[in-house]
Amino acid sequence: MRIDKKVFLLILILISACAPKADSPAPAPTDSLAPTSTAEPTSAPQPTPTLEATATPAPLLERPQYALDVTLDYDAHALRVDETIYYPNHSGSPLNELVLAIVPNLWEGGFSLTAISVGGEAAANYALDGQRLDLALPAALPAGGVVEIKIQYALTLPFAEQEDPNVARPRIYGYTSRQINLVNWYPFVVPYVNGEWLLHDAWYYGENLVYDAADYEVNLRFADSANAPVVAASGIAEAQPDGATRYAIESARAFALSASREFQSASLQVGDATLTSYYFGLYQEAGQAALQTTAQALQIFSAKFGAYPHKSLAIVMGDFNDGMEYSAFYYLSKDFYNLYDGTPANYLTFVAAHETAHQWWFEQVGNDQALQPWLDEALSTYSERLYYENVSPDLVSWWQTYRMDFYNPSGFADIPIYEGQGFRPYTNAVYFQGARFLDALRQRIGDEAFFAFLQDYLNQKRGQIATADDFFRLLRTHTNTDYSDLVAQYYRGAYP
């Protein structure tokens with residue numbers, strides 16, 4: 001979705017001119033940037049000024065919108081960014097402040113703020129501490145209102161092949177000898193849920209960030225356009241007359257980008273989505289296998305859960321030991337490519353299926369990845385089994401033994417990342433015990449009820465941040481079978 005800033009601001013000006021006074025009867029409030037008029041001086045205490053709601057019954061913005069103009073100096077590992085955020089207040093109550101995550105500020109000298117403004121005026125009251133930016137609004141943002149935030153900044157990327165003692169865990173973000181990876185690289189407004197801004201501390205393993213669904217437009221230029229790298233990104237690339245490349249994606253959790261002068265690529269079409277595998281030289285066979293696995297998984301999961309929502313999906317060989325999901329984009333570790341043996345009985349295949357499943361369980365249905373990580377990780381792990389059931393049913397028992405039983409997993413699935421007591425105990429509990437619960441549940445209630453529940457869960461929570469209570473509340477509507485013993489076996493929480 002192209003974000004036309006001039007038209008957007010003109011609409012805001014026009015509708016605010018006819019907005020009702022705060023004490024006048026009016027239809028349900030919707031979006032506006034227009035502030036109320038300043039009250040006459042008086043000795044009596046005055047109410048906090050607010051940005052007036054409009055009389056339009058439909059909201060102007062369904063989701064936050066992010067527009068980023070980026071100039072990337074590939075060789076200097078540095079970026080200059082002009083970012084505009086349109087943030088709609090869907091909380092149901094006025095907001096006096098916003099909290100933004102700025103992850104690059106976790107690296108000393110990694111983030112340099114040039115300017116920040118709110119509603120066209122320079123921000124007068126904000127504080128940046130670590131990854132958290134507290135931004136006081138000049139006037140309360142009413143429910144249904146929209147505020148514009150502009151941020152200008154520069155990024156100096158860290159060397160990702162060297163651990164940083166100032167950061168809790170090694171990160172994908174940064175550069176290696178042959179790749180730049182931009183993940184969680186731009187300031188974004190964190191979700192506001194039940195009166196709390198959801199921004200958790202980073203940890204040694206697991207993911208700590210929580211994302212609202214948003215619309216993105218990224219216009220990318222290179223300082224050395226004659227020697228530009230190959231780029232993998234969330235969204236379809238569209239060349240612009242001014243030499244920039246525009247990427248756009250709607251209802252996305254996180255926009256990611258990877259660039260390398262050594263990337264090779266292969267693509268295929270699945271429905272109306274273009275899948276592209278990006279890999280380094282000498283890995284063509286594994287790169288093609290990752291592409292084929294993703295295409296198969298995309299078709300299976302679309303049939304089992306619901307339609308894939310985007311027009312593209314990038315599969316990116318990461319020059320690091322990790323796999324990670326983003327919107328219409330995921331990484332596979334270079335180790336998986338090194339270990340690929342030409343068969344589907346390997347890490348590259350089942351992790352590719354896992355990361356593809358995150359395009360449903362993370363991307364479409366979000367969750368608090370720090371406090372309730374099982375909601376996306378257990379579902380994505382169990383989706384690996386569904387992949388093998390449909391593509392290589394003779395390998396299901398191999399997958400069960402090699403992927404999970406080998407580690408003799410134990411523990412409760414619903415622990416937060418901070419209570420995992422190490423990477424292996426954490427994944428054993430959250431990923432594997434969670435997947436074991438899903439398999440036992442499926443056997444108990446039957447395939448018809450199980451998959452009807454997953455489809456309903458997707459439909460009702462798409463674009464939202466789901467909780468464990470949501471999961472079990474919807475599950476209960478799809479079966480009368482008692483599964484309380486399974487919940488008690490695999491979960492420590494009390495759920496509906």
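Answer yes if at least one residue in region 359-382 is in contact with a Ser or Thr (Cβ under 7 Å, 6 or more places away or on another chain), buried (at least 21 other Cβ atoms within 10 Å of the Cβ) and without any contact (Cβ under 8 Å) to a residue 60 or more places away in the chain, and no otherwise.
There is at least one residue in region 359-382 that is in contact with a Ser or Thr (Cβ under 7 Å, 6 or more places away or on another chain), buried (at least 21 other Cβ atoms within 10 Å of the Cβ) and without any contact (Cβ under 8 Å) to a residue 60 or more places away in the chain.
Residues checked against (1) free of Cβ contacts under 8 Å to residues at least 60 places away in the same chain; (2) out of contact with any strand residue (DSSP E or B) (no Cβ under 8 Å at 6 or more places or on another chain); (3) part of a strand (DSSP E or B):
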{"site": "SER112", "(1), (2), (3)": "yes, no, yes"}
{"site": "ALA140", "(1), (2), (3)": "no, no, yes"}
{"site": "GLY144", "(1), (2), (3)": "no, no, no"}
{"site": "ALA154", "(1), (2), (3)": "no, no, yes"}
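Being surrounded by 22 or more Cβ atoms within 10 Å (Cβ to Cβ), farther than 23 Å from ALA228 by Cα and not β-branched (Val, Ile, Thr), is that true of even one residue in region 108-129?
No; the residues of region 108-129 include none that is surrounded by 22 or more Cβ atoms within 10 Å (Cβ to Cβ), farther than 23 Å from ALA228 by Cα and not β-branched (Val, Ile, Thr).
Just checking, which of SER260, SER251 is surrounded by fewer than 20 Cβ atoms within 10 Å (Cβ to Cβ) and in contact with a Pro (Cβ under 7 Å, 6 or more places away or on another chain)?
Just a single option satisfies the conditions, and that option is SER251.
Go through the residues of region 60-75 one by one and say whether even a single one is surrounded by fewer than 19 Cβ atoms within 10 Å (Cβ to Cβ), among the charged types (D, E, K, R) and free of Cβ contacts under 8 Å to residues at least 40 places away in the same chain.
yes
Within region 460-496, track down each residue that is crowded, with 18+ Cβ neighbours inside 10 Å, free of Cβ contacts under 8 Å to residues at least 60 places away in the same chain and charged (D, E, K, R).
The one that is crowded, with 18+ Cβ neighbours inside 10 Å, free of Cβ contacts under 8 Å to residues at least 60 places away in the same chain and charged (D, E, K, R): ASP470.
Of the residues that sit in region 254-310 and are aliphatic (A, V, I, L, M) and in a loop (DSSP other than H, G, I, E, B), which one is farthest from GLU217 (Cα to Cα)?
This residue is LEU282.
Among the residues of region 110-158, what is the count of those that are hydroxyl-bearing (Ser, Thr, Tyr) and within 24 Å of the chain's Cα centre (by Cα)?
Number of matching residues: 3.
Specify the residue that is nearest to THR467 (Cα to Cα); the eligible residues are those in region 410-431 that are among the aromatic types (Phe, Trp, Tyr) and surrounded by 19 or more Cβ atoms within 10 Å (Cβ to Cβ).
Filtering first and then ranking leaves TYR431.
Which residue, of VAL210, VAL167, VAL231, VAL218, is modelled with pLDDT of 95 or more, at negative phi and either in a loop (DSSP other than H, G, I, E, B) or outside the structural domain of GLY92 (by TED's automatic domain parsing) (or both)?
Of the residues listed, the single one that is modelled with pLDDT of 95 or more, at negative phi and either in a loop (DSSP other than H, G, I, E, B) or outside the structural domain of GLY92 (by TED's automatic domain parsing) (or both) is VAL210.
Please go through region 307-351 and give me each residue that is polar (S, T, N, Q), over 22 Å from the mean Cα position of the chain (by Cα) and surrounded by fewer than 23 Cβ atoms within 10 Å (Cβ to Cβ), ordered by number.
Across region 307-351, the qualifying residues are ASN338, THR343, ASN346.
Every residue in region 240-284 that is without any contact (Cβ under 8 Å) to a residue 24 or more places away in the chain and within 25 Å of the chain's Cα centre (by Cα), please.
If the condition is that a residue be without any contact (Cβ under 8 Å) to a residue 24 or more places away in the chain and within 25 Å of the chain's Cα centre (by Cα), then GLN269 is the only one that fits.
Residues in region 389-426 that are among the hydrophobic types (A, V, I, L, M, F, W, C), over 28 Å from ILE300 (Cβ atoms) and not in a helix (DSSP H, G or I): how many?
Residues that pass the stated criteria total 2.
Looking for whichever is farther than 24 Å from GLN179 by Cβ and among the hydrophobic types (A, V, I, L, M, F, W, C) here; the options are LEU298, LEU291. Which one fits?
None of the other options fit; the residue is LEU298.
With the requirement that a residue be more than 12 Å from the chain's Cα centre (by Cα) and either surrounded by 21 or more Cβ atoms within 10 Å (Cβ to Cβ) or under 19 Å from ALA127 (Cα atoms) (or both), what does region 190-201 give you?
TYR192, GLU196, TRP197, LEU198, LEU199, HIS200, ASP201
One residue is enough: does region 384-392 have a residue meeting the conditions of a type in the set (Ser, Thr, Tyr) and buried (at least 22 other Cβ atoms within 10 Å of the Cβ)?
Scanning region 384-392 turns up at least one residue that is of a type in the set (Ser, Thr, Tyr) and buried (at least 22 other Cβ atoms within 10 Å of the Cβ).
Consider ASP341 against the criteria (1) without any contact (Cβ under 8 Å) to a residue 40 or more places away in the chain; (2) farther than 17 Å from LEU395 by Cβ; (3) out of contact with any Asp or Glu (no Cβ under 9 Å at 6 or more places or on another chain): it satisfies all of them except one. Which criterion is unmet?
Unmet for ASP341, out of (1) without any contact (Cβ under 8 Å) to a residue 40 or more places away in the chain; (2) farther than 17 Å from LEU395 by Cβ; (3) out of contact with any Asp or Glu (no Cβ under 9 Å at 6 or more places or on another chain): (2).
The values are calculated or read from the model by the stated rules, or taken from the named source; none is laboratory data. For clarity, every value in this text was computed on a predicted model and none was experimentally measured. Cβ sites come from the backbone with ideal geometry, for glycine too, and all protein chains shown count toward neighbours.
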